1. In the list 114, 144, 140, which residue meets the criterion of being within 25 Å of residue 49 (Cα to Cα), crowded, with 17+ Cβ neighbours inside 10 Å and touching a helix residue (DSSP H, G or I) at 6+ places or on another chain (Cβ under 6 Å)?
2. Do the conditions hold for residue 170, that is, is it modelled with pLDDT of 90 or more, surrounded by fewer than 19 Cβ atoms within 10 Å (Cβ to Cβ), assigned to a helix (DSSP H, G or I) and away from ligand 2 (no atom under 16 Å from the Cβ)?
3. Quick check: is even one residue across region 32-46 within 16 Å of ligand 2 (Cβ to nearest atom), over 19 Å from residue 200 (Cβ atoms), at pLDDT 95 or above and buried (at least 17 other Cβ atoms within 10 Å of the Cβ)?
4. For the structure I just gave you, tell me whether residue 35 is within 9 Å of ligand 1 (Cβ to nearest atom) and without any contact (Cβ under 8 Å) to a residue 12 or more places away in the chain.
5. Give the residue, chosen from 69, 44, that is under 30 Å from residue 130 (Cβ atoms) and within 16 Å of ligand 1 (Cβ to nearest atom).
6. Given 57, 51, 9, which one is more than 26 Å from residue 172 (Cβ to Cβ), crowded, with 21+ Cβ neighbours inside 10 Å and more than 13 Å from ligand 2 (Cβ to nearest atom)?
7. Which one is farthest from the chain's Cα centre (by Cα), of the residues in region 137-159 that are within 16 Å of ligand 2 (Cβ to nearest atom) and more than 10 Å from residue 73 (Cβ to Cβ)?
8. With respect to the numbered conditions (1) without any contact (Cβ under 8 Å) to a residue 12 or more places away in the chain; (2) touching a helix residue (DSSP H, G or I) at 6+ places or on another chain (Cβ under 8 Å); (3) under 27 Å from residue 28 (Cα atoms), which one is the sole condition not fulfilled by residue 170?
Ligand SMILES: Nc1ncnc2c1ncn2[C@@H]1O[C@H](COP(=O)(O)OP(=O)(O)O)[C@@H](O)[C@H]1O
Ligand SMILES: [Mg+2]
């Protein structure tokens, strides 16, 4: 469970988000809204990459921001912003080394995630030589090895072709973690438990995907 209590974010004198008050218990939550409505800023609050100007974000009622970083993973729109090391296995081991885990456990976790998604053949590849879809899967693998409880995706399929998009969506569907997905792909969000519609820094609708998406589409026509 993650709770936003009266969260506002202000940058350069502009209020980008205001009065965000909600608790998320659902397993799959979608976030929609026009460009510039505050979705990415909202998404980054989940794992503490962004901090509220006022209000608070807490995981299971713990006010400790370290809990967010530790338990919430983040997948960026562009995997090039996420992958830092030249070789896939090095990149996947990086976060685990920072945690100070034993060598054997690091190997095991990386192997398990690669195996689970059929990515073993990428283990020794140069990250800069991967296709967009492969990079996005490696970025997701890098988050999964950290064993987060929740994963936030910010427009994860935008740069992918149809095949890679389907591969990523299938992987997302298999996840046991709670997921929050910012997306313009309304099809993807139809089967979710809850959808939040952002407009101009506030949530203007929050509920079942069917109704929220229908109103969003109707609004875009005006
Ligand atoms: N550092 C900043 N200073 C001023 N305005 C910003 C800054 N970062 C983002 N914004 C503005 O905040 C608004 C929301 O941005 P963002 O959360 O990226 O929206 P979305 O992901 O919905 O497109 C945009 O209008 C953007 O221009
Ligand atoms: Mg965005």
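1. On the way: 114 fails: within 25 Å of residue 49 (Cα to Cα); 140 fails: touching a helix residue (DSSP H, G or I) at 6+ places or on another chain (Cβ under 6 Å).
When all the criteria are applied, what remains is 144.
2. For residue 170, the condition - modelled with pLDDT of 90 or more, surrounded by fewer than 19 Cβ atoms within 10 Å (Cβ to Cβ), assigned to a helix (DSSP H, G or I) and away from ligand 2 (no atom under 16 Å from the Cβ) - is met.
3. Checked region 32-46: at least one residue is within 16 Å of ligand 2 (Cβ to nearest atom), over 19 Å from residue 200 (Cβ atoms), at pLDDT 95 or above and buried (at least 17 other Cβ atoms within 10 Å of the Cβ).
4. Criteria met by residue 35.
5. Numbers: 69 fails: within 16 Å of ligand 1 (Cβ to nearest atom).
So the residue among 69, 44 that is under 30 Å from residue 130 (Cβ atoms) and within 16 Å of ligand 1 (Cβ to nearest atom) is 44.
6. Numbers: 57 fails: more than 26 Å from residue 172 (Cβ to Cβ); 51 fails: crowded, with 21+ Cβ neighbours inside 10 Å.
Going through 57, 51, 9 in turn, the sole match is 9.
7. Selected residue: 159.
8. Failed condition: (2).
The values are calculated or read from the model by the stated rules, or taken from the named source; none is laboratory data. Predicted model, so just to flag it, every value in this text is computed and none were measured. Positions of Cβ are backbone-derived with ideal geometry, glycine not excepted, and every protein chain shown enters the neighbour counts.
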